1. Would you confirm whether any residue within the range 36-43 is outside any strand (DSSP E or B), surrounded by 11 or more Cβ atoms within 10 Å (Cβ to Cβ) and either touching a residue at least 24 places away in the same chain (Cβ under 8 Å) or not aliphatic (A, V, I, L, M) (or both)?
2. Restricting the range 55-65 to residues that are touching an Asp or Glu at 6+ places or on another chain (Cβ under 9 Å) and not β-branched (V, I, T), which is surrounded by the fewest Cβ atoms within 10 Å (Cβ to Cβ)?
3. So which pairs qualify, if the first residue must be in the range 1-25 and crowded, with 17+ Cβ neighbours inside 10 Å, the second must be modelled with pLDDT of 95 or more and of a type in the set (S, T, N, Q), the Cβ gap must be under 6 Å, and the two must be at least 6 apart or on different chains?
4. With the requirement that a residue be in contact with a Ser or Thr (Cβ under 6 Å, 6 or more places away or on another chain) and among the aromatic types (F, W, Y), what does the range 15-70 give you?
5. State which residue is farthest from R52 (Cα to Cα) when the search covers only the range 8-40 and only residues that are in contact with a Pro (Cβ under 9 Å, 6 or more places away or on another chain) and aliphatic (A, V, I, L, M).
Amino acid sequence: MKEQLTKAMKLNYLLEVVYMDQSGKLTKRRIKVLKMHGEKIWVWDTGKRAKRTFLIDRVLACQPVLRKEREII
């Protein structure tokens, strides 16, 4: 997971992640990774419109968000 998050940070990808909080609740979030250090990541959470800090081992899944370009007619 750490490698995927590092790659997303370097390439400035928006990610969709499944995250488990300390109580075990699962949430799906869209994030942009800002910084990584040790077992923590600092992200911009687009849903909350705020910076957040996550523990890497609580990120259960992640994938890049694919954006489709709008067609101009």
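1. Taking the range 36-43 as the starting set, the residues that turn out to be outside any strand (DSSP E or B) are 38-39.
Keeping just the survivors that are surrounded by 11 or more Cβ atoms within 10 Å (Cβ to Cβ) gives 39.
Next cut, either touching a residue at least 24 places away in the same chain (Cβ under 8 Å) or not aliphatic (A, V, I, L, M) (or both) only: 39.
Checked against the condition, which is being outside any strand (DSSP E or B), surrounded by 11 or more Cβ atoms within 10 Å (Cβ to Cβ) and either touching a residue at least 24 places away in the same chain (Cβ under 8 Å) or not aliphatic (A, V, I, L, M) (or both), the range 36-43 yields at least one hit.
2. Start the filter on the range 55-65 by keeping residues that are touching an Asp or Glu at 6+ places or on another chain (Cβ under 9 Å), which leaves 55-58, 61-65.
Next, from what is left, pick out any that are not β-branched (V, I, T): 55, 57-58, 61-64.
Values: L55: 14, D57: 10, R58: 16, A61: 13, C62: 18, Q63: 12, P64: 13.
Checked the range 55-65; the qualifying residue surrounded by the fewest Cβ atoms within 10 Å (Cβ to Cβ) is D57.
3. These pairs meet every condition: Y19/T27.
4. Y19, W42
5. Going through the qualifying residues, I end up with L11.
The values are calculated or read from the model by the stated rules, or taken from the named source; none is laboratory data. All values reported here derive from a predicted model rather than from experimental measurement. In this analysis, Cβ positions are derived from the backbone assuming ideal geometry, glycine residues included, and neighbour counts consider all displayed protein chains.
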